[in-house]
């Protein structure tokens, strides 16, 4: 058997060290998977992170994208000893780049991101590490207001019923009371591998009286004896279908961080209820004794 050249032997030794560290558990941190493969006399290692953790690495090449959506959906650390490809197959070797760190005890690793725009892998940056990088050393994908708003729409916000007093039947030219009972909306969802707390609260109520008239308020009204929101119907002997449309304002926070507002609102149409408008007849006291 022919002895390997000094350069080939160095490549093999370096790669085997990387493999040993990766299989020891550090490279298989939560959200990452490691793999190794052979190409000729060289052994290579790659680490893929579906749900990256902290952001201790260089994130200068990472942004949130012009559309407000995250630039990258997944990340992958790759050894330059393995030519990068989407399926992880080696497409060439450049272990000289891996040994180009100022500290000879460190090796260079390349960070790649799966582009949300092109759905292809893009090179982001290179970092030097004494041990294979972990999930905590990949930048977090950016959870944007647009992403959270889309999640809120998919979850659905509560619709509210317009309550009237009197209920079911009221009188013409009478102050009919309107109110609704708002519900608190809080959810915790996982977006791009991160825990996101979401809160939404009503900020406006659009009252549809059912007779072609509407009015907007910032409060939900209240039952009798309050007369905060009322409406006088002028046509008798008709049945109308009042309702209320609720506009929600939402905010969110990522992994327990600071709350962030969402500029865009969500309006939810409420169900209709039948309300009969009757006419009162005035009677003199004692007329029907």
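The values are calculated or read from the model by the stated rules, or taken from the named source; none is laboratory data. Only a predicted model underlies this, so the values are computations on that prediction, with no experimental measurement involved. Please note: Cβ atoms are built from the backbone with ideal geometry, for glycine as well, and neighbour counts cover all protein chains shown.
Annotation: of all residues in region 86-116 being surrounded by fewer than 13 Cβ atoms within 10 Å (Cβ to Cβ) and under 29 Å from the mean Cα position of the chain (by Cα), the one that is modelled with the highest pLDDT is 86. For residue 204, the requirement of being part of a strand (DSSP E or B) and in the same structural domain as residue 265 (by TED's automatic domain parsing) is met.
At least 2 residues that are touching a helix residue (DSSP H, G or I) at 6+ places or on another chain (Cβ under 8 Å), farther than 17 Å from residue 214 by Cα and at pLDDT below 95 in each: list the strands (runs of 3 or more DSSP E) lying fully within region 154-200 that qualify. Break it down into steps so the answer makes sense when it comes.
Numbers: elements: 163-165, 169-171, 175-179, 185-191.
The strands (runs of 3 or more DSSP E) meeting that bar are 185-191.
Is it the case, given these coordinates, that residue 119 is modelled with pLDDT of 80 or more and under 22 Å from the mean Cα position of the chain (by Cα)? Spelling it out, residue 119 is indeed modelled with pLDDT of 80 or more and under 22 Å from the mean Cα position of the chain (by Cα). Inclusion of residue 180 among residues that are under 29 Å from residue 148 (Cβ atoms) and either in contact (Cβ under 8 Å) with a residue 24 or more places away in the chain or outside the structural domain of residue 156 (by TED's automatic domain parsing) (or both) is warranted. Within region 220-232, being touching a strand residue (DSSP E or B) at 6+ places or on another chain (Cβ under 7 Å) and not in a strand (DSSP E or B) holds for 220, 221, 222, 223, 224, 227, 229.
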